[in-house]
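This report refers to the structure that appears directly beneath it.
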Amino acid sequence: MDAIFVIEVVGTFVFAMSGIMAAIEGEFDLFGTLILGIVTAVGGGTIRDLLIGATPVSWMSSDLYIYVIISAIPVAFFFFKYLHRLRKTFLLFDTVGIGTFTILGIEKSLALGISPTLSLLMGVVSAVFGGIIRDVLSNHVPLIFRNEIYAFACFAGGLVYLALNYFSQLQESSLFIAISVVISIRLLAIRFNWNIPFKPLSKQ
Amino acid sequence: MDAIFVIEVVGTFVFAMSGIMAAIEGEFDLFGTLILGIVTAVGGGTIRDLLIGATPVSWMSSDLYIYVIISAIPVAFFFFKYLHRLRKTFLLFDTVGIGTFTILGIEKSLALGISPTLSLLMGVVSAVFGGIIRDVLSNHVPLIFRNEIYAFACFAGGLVYLALNYFSQLQESSLFIAISVVISIRLLAIRFNWNIPFKPLSKQ
Amino acid sequence: MDAIFVIEVVGTFVFAMSGIMAAIEGEFDLFGTLILGIVTAVGGGTIRDLLIGATPVSWMSSDLYIYVIISAIPVAFFFFKYLHRLRKTFLLFDTVGIGTFTILGIEKSLALGISPTLSLLMGVVSAVFGGIIRDVLSNHVPLIFRNEIYAFACFAGGLVYLALNYFSQLQESSLFIAISVVISIRLLAIRFNWNIPFKPLSKQ
C-alpha cells in the first residue's frame, strides 16, 4: 500500500494548501492560517472518526500529518502567486486526494462494523467535510453545497468500490478503479460544466 | 416502547424535512440538500452522544435513520408547495419530535451515569442542536438564539420528567406527561406570542 | 494543585462571561445566551477531549462547571454596564485563564500518550476554540484569525512549559513560569500593538 501512503501525504498537503490559500484571501493572521490549513486537511477524517467512534482521531497517532500541513505554510508564503496560477494542476492532485480519502474512509468504516450504506456516506464525509468546515470558519456558505459535482463524484466512486468488493476479491485494483471513477467524473464535470441542482417540481 | 419508536422515526423525518426545506430556500444542490437534511435530523443526537461518550453515535448503528432522511428528499421534490402550506401541521409533528428527543436524550445520558442537571442539558441539546448546525451551515445566526420558546419548552418538559421519575416509578407515563408539557408550552407560546428576551438591567 | 483549581474555576467564569456579553450584544434570548456562555467556556476543552479520545468530555464529570457558567448569567444581568467598563481587568483574568487552560491541555494530552508537538497544539486548541465557536455561532469570522496575538502567546507559553519539563522535574514551577510567559506576551502585545499578519511575498 505504498502508493496509497504517498497519495495520502500529497493529498494532505494539497488540502492544507487549499485552506491556507483561503486564509490568505480572507486576510487571516499566521495562526488563523495554520488553523484553517489544519481543519481543511484533517477536518473530514476527524468528523468521520468521531462519528464511527475511532478515537483518538487518526491524525493524533503520528506527527507526520501536522508537519506536512505546517510545511505548506512557507511554500504558500514564497510561491503564492505561482501557486495561484497553478490552480488547474492543483485540481488534479486535489481530485486524486478526494478519491483516495473517500475509499480509505469507506474501508476504515467497514472495518469498524459500519453498514455499507453508512460507510459510503462516511467515505464522502472524509473527503468533503474539511472544505465545509473551512468555508464555515471563513463565514461562507460551503461552496460544495451550491455548485460542485465533487461530492457526487465521491459517491459514484465509492459505490463502484463497494460493488467491486462485493463481486471480487481484488481489493487493491478495486481501489484504483474507484479512484479513477472519481477523477473521471470530476474532470468531465469541469470540462462540460455538469451540475446537479435540486429544484422542487413546484419551483421549476 | 412501540409508540416511542414510531414518534422517533416520524420526528427524524420531520427534522430532515426542515433541513431540506432550508436547503431549497438557500438554493443548495442535491448533495448540499442531503447533508443539510442529515445534520438537522441527527445533529443534536450526535453532539449529545459525542459529549457523553456514546460512540459510535446512535444513528451509525442502523441504516433506518439514513433511509428515513433520504426518503424525505423525493417527498420535498414532488410536494414542496404543498408542504410549504402545511407548515402549521408540521409544527405539531415537530413539537412532538422535540419533546420525545428531549426525554430520550435525558434517559440515555442518565443511563451513562451523567448527573441529572447535565442530563437535562443533554436532552435539550439533542432536541435543538440539529437546527443550530443547520442554521450555521446556511450562514445564519441560529434562529433559536433569537426568538424561540422552543428550548424553554424542552427544559420545562425535561424538568417535569426528572421530577416525576424522582417521585414515582411510572416511567412510561412520566414520558407522555413530559412530552405533553413540551407541546403545551410551545403551542401556547406560539398562540400568545411568548418570548424570553435577555436584556441586562442597564440596557433596559 | 489548589491554586490551579481556583484559576480553572475563575477562568471558566470569565470565559462564560465573554460568551454571555457577545450574546447580549447579538440580542440573543435567554437560551441563546446560556448556550453561547457554555460553548465559549467549555468549547475548547471539548474539542481537545474529542480529538484525543477523552470521553465523556471533562465538564460532564462534575456539575461544577455548568453551575459556574449559569451563575455568570445573573451577574451579567445586574452588572452589564459595570462589566463593560471593567474590560481591562477582565483581560487580565482572561489571560491567566488561557495560560492555565493551555498548560492543563498540554498535560492532559501528554498523559494520554499524544506526542509533544500535537500536545502543544491541543493545549492551544483548549484555550482558543471556545472563542472560535462563539464567533461562528454569532456569525462572525473568528476574531482570533484576524488580529490577535492570543494564540501566539499560548504557543510560546506551551513551548516554554515543554522545554522546562524536558530539562527539569519541577512540574509545578514550570507551570507558573509558562503561565507568566503567556501573560507577559499578551500584555506586551496589547501595550505595543503587536500583530503577526501572514502576507505571502508576492502580495506584499
Hits among aspartates and glutamates - C-alpha to C-alpha of B:K199 under 16 Å, sequence gap 8 or more where chains match: B:E148, C:E25, C:E27, C:D29
Inter-chain Cβ neighbour average for residues A:51-59, partner chain, 10 Å: 6
Table column - 3J(HN,Hα) (Hz), segment A:90-106, Karplus curve with 6.51, -1.76, 1.60, x for Gly and Pro: 3, 3, 5, 4, 4, 5, 4, x, 5, x, 5, 4, 4, 5, 4, x, 4
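Order by neighbour count: C:S71, B:S184, fewest other Cβ atoms within 10 Å first, most last. Don't skip to the answer; put the middle values down first.
Details: C:S71 11, B:S184 15.
In increasing order of surrounding Cβ atoms, one gets C:S71, B:S184.
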Proxy reagent accessibility, fewest Cβ within 10 Å first, across B:T117, C:T46: B:T117, C:T46
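Calculate, in nm to one decimal, what C:S180 and C:V10 gain on full extension: separation in residues at 0.36 nm each, minus their alpha carbon distance.
The C:S180-C:V10 span can extend by a further 59.5 nm.
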Cross-link partners of B:K108 among aspartates and glutamates (Cα-Cα below 12 Å; sequence separation of 8 or more within a chain): B:D49
Residues with amide H under 5 Å from that of A:D29, placed H, sequence gap 5 or more: C:R146
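When only C-alpha pairs under 8 Å and at least 6 residues apart count, what is the relative contact order of chain A, in percent? If you can, show how the numbers build up before the last one.
On the way: 256 pairs, mean separation 45.8, N = 204.
For chain A, the relative contact order is 22 percent.
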7 Å along Cα→Cβ, label-point gaps from C:V10 to other copies, nm, shortest first: 5.4, 5.4
Ascending list, in nanometres, of distances separating the B:F79 label from those of the other copies (7 Å, Cα toward Cβ): 5.5, 5.5
q = 0.14 Å⁻¹: log10 I(q)/I(0) that the Debye formula gives for segment B:2-140, counting C-alpha atoms only: -0.61
For segment C:137-145, Karplus couplings with θ = phi - 60° (6.51, -1.76, 1.60), whole Hz, Gly/Pro x: 5, 8, 6, 10, 5, x, 3, 5, 7
Separation in nanometres of the label points that stand 7 Å from Cα toward Cβ, at A:F90 and B:A3: 5.8
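Let me have the 222 nm mean residue ellipticity of chain C computed from DSSP H runs of 4+ only, each contributing -39500 (n - 2.57), with the sum over all residues rounded to the nearest 500.
-27000 deg cm²/dmol
Counting alpha carbon pairs within less than 8 Å and at least 6 residues apart, what relative contact order, in whole percent, applies to segment B:107-173? Write out the running numbers ahead of the final one.
Values: 33 pairs, mean separation 18.8, N = 67.
Once normalised by length, the contact order is 28 percent.
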Other-copy label distances relative to B:N139, 7 angstrom Cα-Cβ extension, nm: 1.1, 1.1
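Quick one: putting +1 on the C-beta of Lys and Arg, -1 on the C-beta of Asp and Glu, what dipole do you get for the protein assembly as shown around its Cα centre, in Debye to the nearest 20?
On the way: 36 positive and 36 negative charges, 354 e Å.
Its charge dipole is roughly 1700 debye.
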Binned Cα-Cα distances of segment B:63-204, short to long, each 10 Å bin given as a whole percent: 11, 33, 36, 17, 4, 0
Given charges at Cβ of Lys, Arg, Asp, Glu: chain B dipole, positive-most of B:I183, B:S71, B:V96: B:I183
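Laboratory data are not the source of any read-out in this text; all were calculated from the coordinates shown. Bear in mind the structure is a predicted one, so any value in this text is a computation, not a measurement. Heads up, the Cβs are rebuilt from the backbone with ideal geometry, glycines too, and the neighbour counts pull from every protein chain shown.
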